[in-house]
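Okay, so here's the structure we're looking at.
Just so it is clear, none of the values below were taken in a lab; they were calculated from the coordinates. Being a predicted model, the structure only gives us computed values, none of them experimental. Don't worry about glycine lacking a Cβ; one is built from the backbone with ideal geometry, like all the others, and counts go over all protein chains shown.
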Amino acid sequence: MKEVKVETEIIKLDSFLKWAGIVSLGSEAKFYIQNGEVKVNGEEELRRGKKLTKGDIVEFQGETYKII
């Protein structure tokens, strides 16, 4: 599991994917999220505006990321 430090209290899912370097473009993040390829806390998440906070777990393409 990779830990990703976020400077704000809340970060949107699509922004997190860019911040963590998982995707390079917002449109890329949108595509993966809408196709159901991203899980948040073990559940498929289809909303790119889903608000994430410290402690949330994001899964994508076999990798796991924890927000700290």
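I'm trying to understand the selection: among the residues of the stretch 40-56, which are surrounded by fewer than 11 Cβ atoms within 10 Å (Cβ to Cβ) and in a loop (DSSP other than H, G, I, E, B)?
Result: Gly42, Gly49, Gly55.
Please go through the stretch 1-37 and give me each residue that is surrounded by fewer than 16 Cβ atoms within 10 Å (Cβ to Cβ) and in a loop (DSSP other than H, G, I, E, B), ordered by number.
Met1, Lys5, Glu7, Thr8, Glu9, Ile10, Gly21, Ser24, Leu25, Asn35, Gly36, Glu37
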